[in-house]
Amino acid sequence: MSAGPGPEHAKGNGKPNGWDAERGIRLGSAAVVVLPVRDDSQEKSLRSPGARLAEAAGLACAIALDVVHQEAVRLRAVSASSLFGKGQIERLAATVAAHEAEVVIIDGIVSPIQQRNLEKGLGAKVIDRTGLILEIFGERASTREGTLQVELAHLQYQASRLVRSWTHLERQRGGFGFLGGPGESQIETDRRLIRDRISRLKKELEEVRRTRGLHRRQRQKAPWPIVALVGYTNAGKSTLFNRLTGADVFAQDLLFATLDPTMRAITLPGFDKVVLSDTVGFVSDLPTQLVAAFRATLEEVLEADLIVHVRDVAHPDSDAQAADVTSVLGDLGIAETAPLLTVLNKIDALESDARAAVLARGDEATVAVSALGGEGIDVLRRRIADLLRVEAKTHQFRLAASDGRRLAWLHEHGEVLGEASDGETMAVEVRLSDIDRARFAAI
């Protein structure tokens, strides 16, 4: 992904700061990030304005925008037509001009009328938080399902907005039109195309989900536990996934580096095969359209025997991020589906005193690790195995004496307490978890 504007980027079109209403803004363009902060006792946030602003700038950098200025703007009252007051818009417009910025990111929800008026007042393309996250997801999604989900979320978000073009409807990959696109389209035609495309996308997604459901049922019959990694974006899930599996999943210090579920088989103490799933990261104020659109992807977590919540313990807002993840899991009905293990990642980034304090926090449900350096990984592997075996119960089975496959399965996945052969049958006493008991019944 380019760090600067591409050669096709247009300047000198007569618009302030090189803003090209016909061509749009390209990735790598100079961007100003603005966080509206309401002077309102009803507004509650676990994060400071500085932390929220830093995250917004990180989101912009995730699609290679060049953040040249960022600031929090306090609002005594929200303008229904332009969000900010007249004086604030004039001051922001001067800032945009001084930095030759071509895009302004508003870290909040901006209505269609507010967006249009802000673009006129600031002389730059305006994107709100939802639009920015959707753009990132459009750039990163690569699987068939991920691409369909992102496009559907984008279209649902934009359906009520008057925009310049819908050229992304003809694009095969990349973002979804917020930051680019050639000429203008007729709005009436756009709306019809959007409705038709949404209808087709829903049908395609239904087929994808049906296929995934078949695959999921096949996995349920297989004698392998599923462990799902979840966590805030950039918490280090993909790095941990690579460490545990030896895979080479895209993992960089970027927000939303992973957008498509990846599954790999690993071995753990007492388990010859465990399926590990890396999932999309969460973020505060995740667009509701995106949560709904990605529900099928997140259903992988619903099928998990163990959920591993990866936290960036070195991040100043680690607790707030953990609260966001817990909230989203609760909204999706995932919170109570499986045991949860918390992994305090990135201990290598802590000072010695803070590191010692984190290591002292370890218990049966918490493990401190460095996914990058490997510290604590062996402990994590043992802890995952222990939790997969938790609450095992004693069961009595009678197998055919010739059923070596099922007997071997019991030895591999349970604790066989006794065997007694009786001619053509064999009685087996074994300790199994409820999950493995169900799996054994499906064999």
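Largest first and in whole Å, give the semi-axes of segment 393-442's equivalent ellipsoid, each being the square root of 5 times a Cα gyration tensor eigenvalue. Before the final figure, lay out each step's value.
Numbers: eigenvalues 61, 25, 15 Å².
Each semi-axis is √(5λ); the values are 18, 11, 9 Å.
Sorted from fewest to most neighbouring beta carbons within 10 Å, what does the list K346, K273 look like?
Working: K346 24, K273 14.
Exposure proxy ranking, most exposed first: K273, K346.
Between segment 299-321 and segment 65-86, what is the C-alpha centre distance in whole Å?
The distance from the Cα centre of segment 299-321 to that of segment 65-86 comes to 32 Å.
Taking the Cα-to-Cβ direction at T366 and at A354 and moving 7 Å from each Cα, how far apart do the two end points lie in nm?
If labels sit at T366 and A354, their model points lie 1.6 nm apart.
What is the packing order of peptides 190-200, 302-312, taking the mean over residues of other C-beta atoms within 10 Å and listing the highest first?
Result, highest mean first: 302-312, 190-200.
7 Å from Cα along Cα→Cβ at both I109 and D196: what's the point-to-point distance in nm?
According to this spin-label approximation, the distance is 3.2 nm.
Between D39 and R91, what is the label-point separation in nm under the 7 Å Cα-to-beta-carbon projection?
1.1
Within the set of other residues whose C-beta is less than 12 Å from the C-beta of R406, count the net charge using Lys and Arg as +1 and Asp and Glu as -1. Intermediate values should be presented prior to the final figure.
Details: positive: R398, R405, R439; negative: D403, E412.
Counting the neighbours of R406, the net charge comes to +1.
Since every read-out is calculated from the coordinates, none of them should be taken as a lab result. Because the structure is a prediction, the values reported are computed rather than measured. Ideal geometry is used to build each Cβ from the backbone, glycine not excepted, and the neighbour counts take in all protein chains shown.
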